[in-house]
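Only one structure is covered here, and it is reproduced in the block below.
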Amino acid sequence: MQRETQGRPPLEGYDLIGDVHGCGATLAALLEKLGYHQRSGVYRHPRRKVIFLGDLIDRGPRIRLAVTIARRMVEQDEAYIVMGNHEYNALAYTHPGPAGSHKRWLREHTPRHNRIIQDTLEQYRDFTNEWDDTLAWFKTIPLCLEIDGIRVVHACWDDKLIEELKQRRPDRCMDSQFLVESTDPSTQAFRILDRLTRGPHVTLPEGIAIHSGDGFTRKSFRAHFWAEAPQQWGDVVFQPDNLPGDLEARELSAEERQQLSYYGPEQPPLFIGHYWCEGIPALPARNIACLDYSAVKYGRLVAYRWSGEAALNADHFVWIKVPKEERALPKPWEIDFD
């Protein structure tokens, strides 16, 4: 791939980076490993750009650093970014409920929701103006991206819903009306937002739950969207937690199959995050790369070096294993926030 960009050498390709979740020092280390270096407080590469797959915030020890690195790169045209469900959650959590509604906030401040965003709020507690400005920036992040023959979305590419999004919001970003509407499950905005940032889910039987390794109890499981004719739950399950009992052999109902998305092998290369993969990065399908390898659970912060190839190649993954104590990484990777 060779594409002229104003004032710089031809662009060779993109480095797509999965869910950072506040591992800011590890992000800096990964960028250095990929050949990016700080100039004027911004990580830059002479011939490449980054695409962040969302979920910069929550859980990790250096959330402000992660956001600052990504935002400065995006604003200086050194990177692109798509919306993650955690950025969306932060917007809904901090937005008042609509007038006349019984809800004080778009995303209720339940113990579960409080816990998810707790680390982010604590790390911005003494930087309220910066947090307000960060939330305003989140609203400018598109929900999906198509560029130079590749597609990028946080969780799931659904052609029909993305076409609806483009018709309604040509910039593929949310405005305040879309944000408010997206918290009502009966609306188009909810269907778009939920599918693109959270992906398909299948509801577990009554009385059965998954007790996940991250401490949460879930009553549904994450399903992938590249099985052409799935028959059983095990054909679509895509998460590190095993299904209880013999549920992988459970037949998908006609309604469940209808609710799933499908991304065929003839479609352009697609990059996603979100799914908490484990182990050595691998391609789940020949034209799909998942880049979320549980960085904040001391897994790997993963990038894919794409240079124009139509067929993805697992040899193009680059990663750094996240240390047990991210704060122990060398200070030269820090960015001055002034």
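The values are calculated or read from the model by the stated rules, or taken from the named source; none is laboratory data. Not measured: the values here are computed from a predicted model. Here the Cβ is made from the backbone with ideal geometry for all residues, glycine too, and neighbour counts use every protein chain on show. Side chains included, ligands, DNA and RNA excluded: accessible areas come from the protein's heavy atoms. Shrake-Rupley method; radii C 1.70, N 1.55, O 1.52, S 1.80 Å.
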Self-check item: Condition met for Pro268 (in contact (Cβ under 8 Å) with a residue 24 or more places away in the chain, loosely packed, with under 14 Cβ neighbours inside 10 Å and in contact with a strand residue (DSSP E or B) (Cβ under 7 Å, 6 or more places away or on another chain))
Solution: yes
Quiz item: Which pairs do you get when a residue that is under 13 Å from Gln177 (Cβ atoms), found in the stretch 84-99, comes within reach of a residue that is of a type in the set (Gly, Ala, Ser), reach meaning Cβ atoms under 8 angstrom, with the pair 6+ apart or on two chains?
Solution: His95/Ser176
Quiz item: What are the residues in the stretch 40-64 that are at pLDDT 95 or above, open to solvent by 10 Å² or more (accessible area, probe 1.4 Å) and either hydroxyl-bearing (Ser, Thr, Tyr) or part of a strand (DSSP E or B) (or both), if any?
Solution: Arg44, Arg48
Quiz item: Restricting the first residue to the stretch 1-30 and requiring it to be in a helix (DSSP H, G or I), which pairs with a second residue that is at pLDDT 95 or above and open to solvent by 10 Å² or more (accessible area, probe 1.4 Å) meet a Cβ separation below 7 Å and a spacing of at least six or different chains?
Solution: Gly24/Arg62; Ala25/Arg62; Thr26/Ile320; Ala29/Ile320; Leu30/Ile320
Quiz item: Does Val67 qualify as being crowded, with 24+ Cβ neighbours inside 10 Å, assigned to a strand (DSSP E or B) and under 17 Å from the mean Cα position of the chain (by Cα)?
Solution: no
Quiz item: Inside the stretch 177-197, can you point out the residues that are open to solvent by less than 50 Å² (accessible area, probe 1.4 Å) and small (Gly, Ala, Ser)?
Solution: Ser182, Ala189
Self-check item: Failed criterion for Asp77 (all others in (1) outside any helix (DSSP H, G or I); (2) open to solvent by 60 Å² or more (accessible area, probe 1.4 Å); (3) closer than 22 Å to Thr183 by Cβ hold)
Solution: (3)
